Number of protein chains: 4
Amino acid sequence: MIFASDNWAGASDKVMTALTAAARSTRPAYGGDDLSRAVERGFAELFEREVAVFLVGTGTAANTLGIANYARPGGVVFCHRDAHINVDEAGASEFFGGTKLVAVEGRHGKYTAEALAEAVARFPQGAVHHGRPVVASISEITEFGTAYRPEEIAAIAAVAKRNGMALHMDGARFAGAVAGLGVAPADLTWRAGVDVMSFGASKTGCLAAEAVIFFNPADSRDFGFARQRAGHGFSKAWFIAAQFDAWLDGGHWLDLARHANRMGARLAQAIGASRNARLAAEPSANEVFAILPRSLDAKLKAAGAVYHPWGIESLPEDERPGPDEVLVRLVASFQTREDEVDDFAAHLARG
Amino acid sequence: MIFASDNWAGASDKVMTALTAAARSTRPAYGGDDLSRAVERGFAELFEREVAVFLVGTGTAANTLGIANYARPGGVVFCHRDAHINVDEAGASEFFGGTKLVAVEGRHGKYTAEALAEAVARFPQGAVHHGRPVVASISEITEFGTAYRPEEIAAIAAVAKRNGMALHMDGARFAGAVAGLGVAPADLTWRAGVDVMSFGASKTGCLAAEAVIFFNPADSRDFGFARQRAGHGFSKAWFIAAQFDAWLDGGHWLDLARHANRMGARLAQAIGASRNARLAAEPSANEVFAILPRSLDAKLKAAGAVYHPWGIESLPEDERPGPDEVLVRLVASFQTREDEVDDFAAHLARG
Amino acid sequence: MIFASDNWAGASDKVMTALTAAARSTRPAYGGDDLSRAVERGFAELFEREVAVFLVGTGTAANTLGIANYARPGGVVFCHRDAHINVDEAGASEFFGGTKLVAVEGRHGKYTAEALAEAVARFPQGAVHHGRPVVASISEITEFGTAYRPEEIAAIAAVAKRNGMALHMDGARFAGAVAGLGVAPADLTWRAGVDVMSFGASKTGCLAAEAVIFFNPADSRDFGFARQRAGHGFSKAWFIAAQFDAWLDGGHWLDLARHANRMGARLAQAIGASRNARLAAEPSANEVFAILPRSLDAKLKAAGAVYHPWGIESLPEDERPGPDEVLVRLVASFQTREDEVDDFAAHLARG
Amino acid sequence: MIFASDNWAGASDKVMTALTAAARSTRPAYGGDDLSRAVERGFAELFEREVAVFLVGTGTAANTLGIANYARPGGVVFCHRDAHINVDEAGASEFFGGTKLVAVEGRHGKYTAEALAEAVARFPQGAVHHGRPVVASISEITEFGTAYRPEEIAAIAAVAKRNGMALHMDGARFAGAVAGLGVAPADLTWRAGVDVMSFGASKTGCLAAEAVIFFNPADSRDFGFARQRAGHGFSKAWFIAAQFDAWLDGGHWLDLARHANRMGARLAQAIGASRNARLAAEPSANEVFAILPRSLDAKLKAAGAVYHPWGIESLPEDERPGPDEVLVRLVASFQTREDEVDDFAAHLARG
């Protein structure tokens, strides 16, 4: 009953087999290899267009370097208050790009185009004291397990473009979003106006594999230098490429994501069906937020369930847990088994 | 005949087997796992003392973060002119710590304690305009394939300490140095006065595994935050730990390094024995620098040999290649086979 | 009727006379001069204790360098949402120290110790992803013209200390606070727990004169280098010292501040007495926030009054202007004349 | 006999009179004033073309921000080994732009186009590890008191342009160069290929007045934000503008520079005529480098002469002082009197 995070799960056998095979070879360093080329082609096919692809090892690296690519002096980045870049990257965006992060509020991890427009309005053009908008960032899926629909992204993109901002997507769990929404990757990204994204594989079956994807390749002319300067250019870059290559092959990535989503849905169903707990939000993929009585929370933990409590500020005031309740996050992964979920459900039902 | 770099080589079967086993498991993220603990114990044993160990994915990350740990406003870092941190990290040290790198000259990749003292003397204490010494950095083995002896390191450490500097060691090929010198790791590092080192495994049989080792653990109190902020904290940190665990186990790391060194020595012998080429320096490990006639260089490449030319400024003026000659670097790895070297030797002999 | 800002006012004759006299001399550069020493003594006397004094030219420099002095990797700085460092310094704190600014809410420009404690609680110790508290910053007087009382500062300082933070004070208008509260400078600062402050003279009768004051001089060991590296070490540092020397002499600074405060009070009185406008907050010094009908605002401007509108988010929702009203800021300075204020009052009364 | 530096001298009466007059006024803050506009027109006239002008308070700020304007990830800045930006700015360029400074050697403070080309050749295009050339910087006059001729600058500019670099000029003593060479400012700058310069007035009769001049105004679109974020945007920006306005008026700046140069030439003549000392280089303006016997150096100091010793590495090996000699720098200023120089000359003659 490990629902702590999808980054507790290992890597799929298919990915490891490919990696092991690659490890027996000798290959040009720093991305001059055939596997890196194959991954570039793989992403181009996936997104139905030419893209510039840069492989890195962590989601924080992908987000930070992708956003810093659009930083300028006095630059301001808008993101949801709960965004990973705002609360879980130790100030990486502030450090790399010298950018200020401005938190936008919004229900269940999502902000609206209107909320963004209102936040941006506080930065009139040419007001050097305040700084200027450079990037709007959204997470897909969000940190609250929900997903933006293409039309919601397009509305946000329109505000971003009107204000001279690039639109960045933190896609640490993008595979889950595609699986959950049943929408083409292109529709969730460049067709909706996304300029750059972090496409994560580490949380869905790889060891450490993240790609920064530029939908306007010309935007990335400085990126190779920026990645190297940040220590994020791997000498054996093929070790990331080999993971992605196997992961993208034959829809393996979607299979892994679909499994995790199914386990997430099974968890959600168990919670929804229980009189002892309730869902905090309708999950779109593999992350499930629930409100539990403290007594039940203690029993579940005693029974061996592993998951994290969550800050109640992420919920609107009128949806927050009561004094004897706790908000928790449960994450399913490609490794999660039905019997784990059912075991958890049984404990839930018992109360 | 691939002698381009040891970072063209894959990873050892033992390492990959261990990694594959680990990938099937579920483990706490961000270093809260058993493998990370095991690697910490492994390094403590290897160095015969308590150390603070931080795993990262690239040598540039290890060097940059290790050095930046000692950065202060106006900080100046001294290193050899050819040091990786000076010429191959895209300005990472300047970017991360805002530090100025001052290049010290020295024959065959090594600088002396005297040369360091002379360079430092240009920064009198309290002269805020000039900046102040914060770190002296040496590479072991050096970028010219040579090695510092413990007493040379101790002399440099004495100058560093007298001037308030930490002593950093870039140990991207430290395994080769230990294997080549036949000296205990402790004698090459903390017993000689090294404060922090980058201990690299990526060039000697791992995929991507580098450790920042602090010999005074208290020095590292900010390092966890610094690593995270730089995007170098891996969620599945066990993927680096698993590599190191297998690599350190049973002296596997030294076996790999010894093989690479033997192949390097075989290359050097072939060059030394040839009338058509000459060694540019006596190699201490797996990197061999040679001076070839341009015509021979062309023939070797046509025959399929892969290696890189090297800047002649790395040699003293009176040792540089003539107008019809070229300085080249040949690197053996754990994957290099005797027959590759012998094939190369045969081509050399043919002229 | 210029109430745009106190930084629109020139400099006092006494200050300019001293500066002109100094300009005829030859003096050691970079602070090695007698006037710099005199200013250090002046501040020590003013604060009734040894202090470390560093002169700079702008308030943003003073704030940013003072705060960055306490920055560490992953560092988080807490300040009021309307703080100058948060909204008017173009991201300087993010850039210099790589620090994240976390905005704390609070009525009329002030936050409480409780609000700070709540904000800090989201950063549990050792949580490298979130970052860690390093500085709490308050403005005295605040950006809404109000002042913290010594006991309020002490309560905030207690929270800061408990959480390992330094307490920073933006004293761009500190002279006005001392004049307005009638409290000793020591009571408003180090006796209440302030560690470092920006003591501004530019807004109260000088051209460009700001001092970073460290109440624990040992904290400042890196500051000289940091100032120089930032380009904020003036070669003719005596030009700032000469201003401060004359400004501090004989209570001139308090005379200037008292005049500005009196003019502020006269403005406030006129507004309070008017049926056509109302005060948005009770002013503590020379800044007056008022809510005017839009029609009156237009008439005042047409009559030549100069002042700035202010963002309504600075007020609690139930105190905000109505749809036909506007929130404005009026600032009196040492140059403001009674007849200007009375002229404005007359226009107000007319409606 | 104060020849320590021209930044020990105060400010001219004309400048102070103008500043005092301006200080009695009320003026828009942050450069929205008439004096700032007048200075912009003054520079346009001086340079015979449209320019973008940004006022700052220190030479380090001007240099650093001007150079950082062209910084990009992995950016490398080339400058003379003795350049102020390399040895006297506490690592400001490394800090602000994350740029690496590469020192180019050259006799008497000047480097040649050939030396620059050779240094740049070590950074082949697209080599992300090495970084890439972004700026070439020269000082006019140089740190060794010499001056580049327009054709020398044009040759350097050609190398810069061929390699995609902007050409930056540190003109801390540009007035002295114009006065010394008798060449139009335009010929020394944009007509020779300079893109951005620091035009200093602080060393030639002002208190603190430096201008960053962009000869291609479009280059400066980010500069206002960068200046503000660095704390170098003065609220009472007119205090710098008022100095420049008086300084540029009626050729006052050239009068001041010519006087300093005449005093420098008088010093040089005295040294050249002395059997007890010799010139280290032929001065082009107000800085004179001389080699003195140590005994004479001691006597001069005892007699009250104030000047600084200079590092002998600034001279080619065959021109360096002998073991009983010392290299010194003597700087004349607008305040230097003939009788001071003659007094010094008399001491020199006496031996």
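What are the residues in the stretch D:179-188 that are open to solvent by 10 Å² or more (accessible area, probe 1.4 Å) and under 16 Å from the mean Cα position of the chain (by Cα), if any? Spell out how you get there, then give the answer.
Initial filter on the stretch D:179-188 (open to solvent by 10 Å² or more (accessible area, probe 1.4 Å)): D:179-185, D:187.
Answer for the stretch D:179-188, where residues must be open to solvent by 10 Å² or more (accessible area, probe 1.4 Å) and under 16 Å from the mean Cα position of the chain (by Cα): D:Ala179, D:Gly180, D:Leu181, D:Pro185.
Residue by residue, here is whether (1) at pLDDT below 95; (2) hydrophobic (A, V, I, L, M, F, W, C); (3) touching a helix residue (DSSP H, G or I) at 6+ places or on another chain (Cβ under 7 Å) holds:
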residue	(1), (2), (3)
C:Ala103	no, yes, yes
C:Thr112	no, no, no
C:Gly126	yes, no, no
C:Ser137	no, no, yes
C:Glu151	no, no, no
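Can you confirm whether C:Met197 is under 16 Å from C:Val77 (Cβ atoms), in contact (Cβ under 8 Å) with a residue 60 or more places away in the chain and in contact with a Pro (Cβ under 6 Å, 6 or more places away or on another chain)? Explain how you work it out, then say what you get.
Numbers: under 16 Å from C:Val77 (Cβ atoms): yes; in contact (Cβ under 8 Å) with a residue 60 or more places away in the chain: yes; in contact with a Pro (Cβ under 6 Å, 6 or more places away or on another chain): no.
It is false that C:Met197 is under 16 Å from C:Val77 (Cβ atoms), in contact (Cβ under 8 Å) with a residue 60 or more places away in the chain and in contact with a Pro (Cβ under 6 Å, 6 or more places away or on another chain).
For B:Ala257, state whether it is open to solvent by less than 10 Å² (accessible area, probe 1.4 Å) and within 30 Å of A:Ser5 (Cβ to Cβ).
Numbers: open to solvent by less than 10 Å² (accessible area, probe 1.4 Å): yes; within 30 Å of A:Ser5 (Cβ to Cβ): no.
Against the criterion (open to solvent by less than 10 Å² (accessible area, probe 1.4 Å) and within 30 Å of A:Ser5 (Cβ to Cβ)), B:Ala257 does not qualify.
Taking A:Val328, is it without any contact (Cβ under 8 Å) to a residue 60 or more places away in the chain and not basic (Lys, Arg)? Talk me through it step by step, then tell me what you get.
Working: without any contact (Cβ under 8 Å) to a residue 60 or more places away in the chain: yes; not basic (Lys, Arg): yes.
Yes, satisfied.
Spot the failing condition for A:Ala136; the list is (1) more than 14 Å from chain D (Cβ to nearest Cβ); (2) out of contact with any Cys (no Cβ under 9 Å at 6 or more places or on another chain), and only one is missed.
Unmet condition: (2).
Can you say whether B:Arg191 is in contact (Cβ under 8 Å) with a residue 40 or more places away in the chain and surrounded by fewer than 24 Cβ atoms within 10 Å (Cβ to Cβ), as far as the supplied structure shows? Show your work before the answer.
Numbers: in contact (Cβ under 8 Å) with a residue 40 or more places away in the chain: yes; surrounded by fewer than 24 Cβ atoms within 10 Å (Cβ to Cβ): yes.
Spelling it out, B:Arg191 is indeed in contact (Cβ under 8 Å) with a residue 40 or more places away in the chain and surrounded by fewer than 24 Cβ atoms within 10 Å (Cβ to Cβ).
Take the stretch B:200-229 and flag every residue that is surrounded by 24 or more Cβ atoms within 10 Å (Cβ to Cβ) and within 7 Å of another protein chain (Cβ to nearest Cβ).
B:Ser202, B:Leu207, B:Ala208, B:Ala226, B:Gln228, B:Arg229
From the list C:Ala136, C:Ala179, C:Ala154, C:Ala218, which one is outside any loop (DSSP other than H, G, I, E, B), free of Cβ contacts under 8 Å to residues at least 12 places away in the same chain and over 30 Å from D:Gly205 (Cα atoms)? Steps first, please.
Working: C:Ala136 fails: free of Cβ contacts under 8 Å to residues at least 12 places away in the same chain; C:Ala179 fails: free of Cβ contacts under 8 Å to residues at least 12 places away in the same chain; C:Ala154 fails: free of Cβ contacts under 8 Å to residues at least 12 places away in the same chain.
The unique qualifying residue is C:Ala218.
Looking at the stretch A:160-167, is at least one residue surrounded by 23 or more Cβ atoms within 10 Å (Cβ to Cβ), of a type outside the set (Lys, Arg) and in a loop (DSSP other than H, G, I, E, B)?
Narrowing the stretch A:160-167 to residues surrounded by 23 or more Cβ atoms within 10 Å (Cβ to Cβ): A:160, A:165-167.
Subset that is of a type outside the set (Lys, Arg): A:160, A:165-167.
After this cut, where a residue has to be in a loop (DSSP other than H, G, I, E, B) as well, the list is A:165.
Yes, because at least one residue in the stretch A:160-167 is surrounded by 23 or more Cβ atoms within 10 Å (Cβ to Cβ), of a type outside the set (Lys, Arg) and in a loop (DSSP other than H, G, I, E, B).
Can you name every residue in the stretch B:324-351 that is open to solvent by 50 Å² or more (accessible area, probe 1.4 Å) and at pLDDT 95 or above? Break it down into steps so the answer makes sense when it comes.
Keep residues of the stretch B:324-351 that are open to solvent by 50 Å² or more (accessible area, probe 1.4 Å), which gives B:324, B:337-339, B:342-343, B:349-350.
Of everything in the stretch B:324-351, those that are open to solvent by 50 Å² or more (accessible area, probe 1.4 Å) and at pLDDT 95 or above turn out to be B:Asp324, B:Arg337, B:Glu338, B:Asp339, B:Asp342, B:Asp343.
As an exercise: evaluate D:Ala147 against (1) open to solvent by 20 Å² or more (accessible area, probe 1.4 Å); (2) at pLDDT 95 or above; (3) among the hydrophobic types (A, V, I, L, M, F, W, C) and give the number of the one condition it does not meet.
Unmet for D:Ala147, out of (1) open to solvent by 20 Å² or more (accessible area, probe 1.4 Å); (2) at pLDDT 95 or above; (3) among the hydrophobic types (A, V, I, L, M, F, W, C): (1).
Does D:Ala280 satisfy the condition of being closer than 30 Å to B:Ala121 by Cβ and not aromatic (Phe, Trp, Tyr)? Give the derivation first.
Values: closer than 30 Å to B:Ala121 by Cβ: yes; not aromatic (Phe, Trp, Tyr): yes.
Criteria met by D:Ala280.
Anything in the stretch B:290-316 that is of a type outside the set (Val, Ile, Thr) and within 14 Å of chain D (Cβ to nearest Cβ)? List them, or say none.
B:His308, B:Pro309, B:Trp310, B:Gly311, B:Glu313, B:Ser314, listed by residue number.
With the checklist (1) within 14 Å of chain B (Cβ to nearest Cβ); (2) farther than 22 Å from C:Pro124 by Cα; (3) within 24 Å of the chain's Cα centre (by Cα) in hand, flag the one item A:Glu287 doesn't pass.
(1)
Which one of these is over 18 Å from D:Glu340 (Cβ atoms) and at pLDDT below 95: D:Ser295, D:Ser284, D:Ser314? Please lay out each step first, then the result.
Details: D:Ser295 fails: at pLDDT below 95; D:Ser284 fails: at pLDDT below 95.
Within the list D:Ser295, D:Ser284, D:Ser314, the selection yields D:Ser314.
Restricting to the stretch D:285-318, what's the tally of residues that are farther than 15 Å from D:Ile271 by Cα, open to solvent by less than 40 Å² (accessible area, probe 1.4 Å) and assigned to a helix (DSSP H, G or I)?
1
Within the stretch B:1-120, considering only strands (runs of 3 or more DSSP E) that don't extend past its boundaries, which have at least 1 residues that are open to solvent by 30 Å² or more (accessible area, probe 1.4 Å) and more than 14 Å from chain C (Cβ to nearest Cβ)? Explain how you work it out, then say what you get.
Working: elements: B:52-56, B:75-80, B:100-104.
So the answer is B:100-104.
Only residues that are of a type in the set (Gly, Ala, Ser), assigned to a loop (DSSP other than H, G, I, E, B) and either open to solvent by 80 Å² or more (accessible area, probe 1.4 Å) or more than 14 Å from B:His347 (Cα to Cα) (or both): list them for the stretch B:260-283, please. Reasoning before the result, please.
So in the stretch B:260-283, the residues of a type in the set (Gly, Ala, Ser) come out as B:260, B:264-265, B:268, B:270, B:272-274, B:277, B:280-281.
Then keep just the ones that are assigned to a loop (DSSP other than H, G, I, E, B); that gives B:274, B:277, B:280-281.
The answer is B:Ala280, B:Ala281.
Mind telling me which of the residues A:Lys236, A:Lys203 ends up being part of a loop (DSSP other than H, G, I, E, B) and either touching a residue at least 40 places away in the same chain (Cβ under 8 Å) or within 14 Å of the chain's Cα centre (by Cα) (or both)?
Values: A:Lys203 fails: part of a loop (DSSP other than H, G, I, E, B).
So the residue among A:Lys236, A:Lys203 that is part of a loop (DSSP other than H, G, I, E, B) and either touching a residue at least 40 places away in the same chain (Cβ under 8 Å) or within 14 Å of the chain's Cα centre (by Cα) (or both) is A:Lys236.
How many of the residues making up the stretch D:16-33 are among the hydroxyl-bearing types (Ser, Thr, Tyr) and at positive phi? I'd like the intermediate steps shown before the answer.
Start the filter on the stretch D:16-33 by keeping residues that are among the hydroxyl-bearing types (Ser, Thr, Tyr), which leaves D:17, D:20, D:25-26, D:30.
Going one step further and asking which of them are at positive phi, we end up with D:30.
Adding up the residues that qualify gives 1.
The values are calculated or read from the model by the stated rules, or taken from the named source; none is laboratory data. What you see is a predicted model, and the numbers here were worked out from it, not measured in a lab. Cβ atoms come from the backbone with ideal geometry, glycine included; neighbour counts cover every protein chain shown. For the accessible areas, the whole protein counts, side chains as well, though only heavy atoms, and no ligand, DNA or RNA atoms are used. Shrake-Rupley method; radii C 1.70, N 1.55, O 1.52, S 1.80 Å.
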